[in-house]
Amino acid sequence: MLAGLEPPAFWGHFEALTRIARPSRHEEPAIDHVRRWADGRGLQLRQDEGRNLVIDVPATPGREGAPTITLQGHLDMVCERDPSSPNDPAEGRIALVRDGDWLTAEGTTLGADDGVAIAAMMALVEDESLAHGPLELLMTVAEEVGLEGANALDPALVGGSILVNLDSEEDGKLTVGCAGSTDTWIRIEAPRDAAGGGVVALSVTVSGGQGGHSGMGIALGRSNAVKVLGRALREASETVPFRLVSFAGGKSRNAIPRDAVAVCSVAASDEDRFRNAIAAAADTIRDAFSTTDPGVSIGVDAADAPADPWSAEATARLLDAVALVPTGPLAMSPDFDDLVETSTSLGEALTEGDRLTLHSLSRSSNDAALPEVIATLDAVARLSGGELEIKVNYGGWRPNLDSPALAAAKTVYERLFGEPPVVTAVHAGLETAVIGSKVHGLDMLSFGPQIEFPHSPDERVSVPTVERFWRLLVAFLDESSAETT
């Protein structure tokens, strides 16, 4: 499958990672894999209480006096899969697929985010022909769930003065800033009543959306299955009475939901009218996404006999709450062209007993902008009779355009590829934001190959840009240690 690709050692390690289960908070198989590799090469491995790893790599001969560089990436991955796929990344089953210049996976996320970083670190150490100063390989855990590993990082684990994050996803760009984020949960308790006689249970399912990363992909106009489901039901409720039994959707806080389902209690005499009302709403919604997400669909099927549904008043209140929760880009960056500054994404809906929970992830590179977003979500909670829980994850990483590491990377990039790189920031969380707040004075930079549609089964990595990424990494390490030779 990957034979003949360059660099071969990188692709060998990457393929090995696809056979290892590494969902967030359950990275032990990947940790054990890395530990065995480090032991086999006689490298010292250190670990903190948060389960983050650092592997110390000596300088190559003549480069011992160079500053220590910390290479950093995360061990976990988002484990999304198509419901019909026999593969499951959470169990270490990823089936690789070559599609021209792209590598993807059959029916699941690929794990290039951030398997690319781990594979690159391991391949780099194994190639004794490559010149570099002292290195630290920092491999964090639980990045995909609020940068939990980085938040738990013991700063004593990091001794480098330069940190290169290998978790960027755009070829040709050097990243020098990122957005901070805050999680919120709106929890609404609402009364249920007996279903009564003469009713049927019908499930309304939204599927077929492209989904994707809720930061990097937030401005692409993709459908949000939770919002689509709420809209369809709310529009149907204007002509046909029904009561909600359950409402759920989304699988990952930082992925745009692709699937959502609600069970509704409908009078048997109104079943045809209900189906027609949903179909009419579906036509309007498909038209709204005809260009940006044409695969979105809404279907109605029979469901098991309903549990006690929420009351009619509660049903209306819950659907109003879903409608009021904002999702999408809210402001654009004044510093970088075409970059979202502030956004929020309704990532998960969950029914537990009498409670509906709506989980959003809000992001901004302007820390002062997030309180207004959170205030909006708090207003939704209060107006719907619920409560809001807030978890501030981390602040933004503010760009330092005078960074010596950035200057070295720009010089190397132009030498290698004959054109200047794009210097930018990303509307996503990078662990640099947290690590930099813990280890003061770090000179930080991030780059990587072209990865598209992360956090979805459409995730793919560009094979030619992996080689470019590798060449840039190798040359940067050489450049940064050459003055000591």
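Checking (1) 84, 46, 42; (2) 87, 59, 54; (3) 67, 60, 41 against the coordinates, the calculated Cα extents along the principal axes in Å falls under label (1).
A run of the chain free of exposed loop cleavage sites, with GluC sites (Glu not before Pro) counted only in DSSP states other than H, G, I, E and B and at most 10 other beta carbons within 10 Å, reaches its longest extent at 239-485. Per residue, the chain exposes 39 Å² of solvent-accessible protein surface, assessed with a 1.4 angstrom probe and all protein chains in place.
With the simple spin-label model, which puts each label point 7 Å out from Cα in the Cβ direction, the E479 to R25 separation comes to 4.1 nm. In percent, rounded to a whole number, the relative contact order of the chain is 24, using alpha-carbon pairs under 8 Å and six or more apart.
For the range 329-483, what mean projected area does the convex hull of the alpha carbons give, in nm²?
Spelled out: convex hull of the Cα atoms, projected over all directions, averaged, 12.4 nm².
Whole-Hz Karplus values for the range 385-397 come out as x, x, 10, 10, 9, 10, 10, 7, 7, 5, x, x, 9 Hz, taken residue by residue from phi with 6.51 cos²θ - 1.76 cosθ + 1.60 and θ = phi - 60°; glycine and proline positions read x. Based on the reciprocal of the average 1/r between different C-alpha atoms, the Kirkwood radius for the range 48-91 equals 14.7 Å. Tell me, what % of the accessible area of the range 296-410 is carbon and sulfur with a 1.4 angstrom probe? The C+S portion of the solvent-accessible surface of the range 296-410 is 50 percent.
Taking amide H as placed 1.01 Å from N in the peptide plane, G50 has its amide H under 5 Å from the amide H of D154, each at least 5 places away in sequence or on another chain. Across the range 76-90, coupling constants 3J(HN,Hα) worked out from phi with the 6.51/-1.76/1.60 Karplus curve, θ = phi - 60°, read 7, 9, 6, 9, 9, 8, 5, x, 8, 6, x, 8, 7, x, 5 Hz, and Gly and Pro carry x. Counting only Cβ charges, +1 for Lys and Arg and -1 for Asp and Glu, the dipole size of the range 42-138 around its Cα centre is about 160 debye. Close amide-amide hydrogen proximity is noted between L174 and V422, V423, T424, each under 5 Å apart and 5 or more residues distant or on a separate chain (H modeled in the peptide plane; Pro and chain starts excluded). Close amide H partners of G396, meaning residues 5 or more places away or on another chain with modelled amide H under 5 Å apart, are G180, D367.
Let me have the 222 nm mean residue ellipticity of the chain computed from DSSP H runs of 4+ only, each contributing -39500 (n - 2.57), with the sum over all residues rounded to the nearest 500.
After summing the helix terms and dividing by residue count, I get -9000 deg cm²/dmol.
Lys-Lys pairs in the chain that are eight or more residues apart or on separate chains and whose Cα atoms lie under 19 Å of each other come to 4.
Multiplying the residue separation of S85 and A379 by 0.36 nm and subtracting their alpha-carbon distance yields 101.9 nm. Seen against the Cα atoms of the chain and their longest principal axis, helix 312-324 is set at about 30 degrees. Scalar couplings 3J(HN,Hα) for the range 31-40, obtained by applying the Karplus form with A = 6.51, B = -1.76, C = 1.60 to θ = phi - 60°, are 4, 4, 4, 5, 4, 4, 5, 5, 4, x Hz; x denotes Gly and Pro. For helix 404-417, report the angle its Cα long axis makes with the longest principal axis of the Cα atoms of the chain; keep it between 0 and 90° and round to the nearest 10°. Computed tilt is about 90 degrees. The Kirkwood hydrodynamic radius of the range 261-379, based on inverse pair distances between different Cα atoms, is 17.4 Å.
The values are calculated or read from the model by the stated rules, or taken from the named source; none is laboratory data. Quick caveat: nothing in here was measured; it's all calculated off a predicted structure. In this analysis, Cβ positions are derived from the backbone assuming ideal geometry, glycine residues included, and neighbour counts consider all displayed protein chains. These area figures cover heavy atoms from the full protein model, side chains too; ligands, DNA and RNA do not enter into them. Shrake-Rupley method; radii C 1.70, N 1.55, O 1.52, S 1.80 Å.
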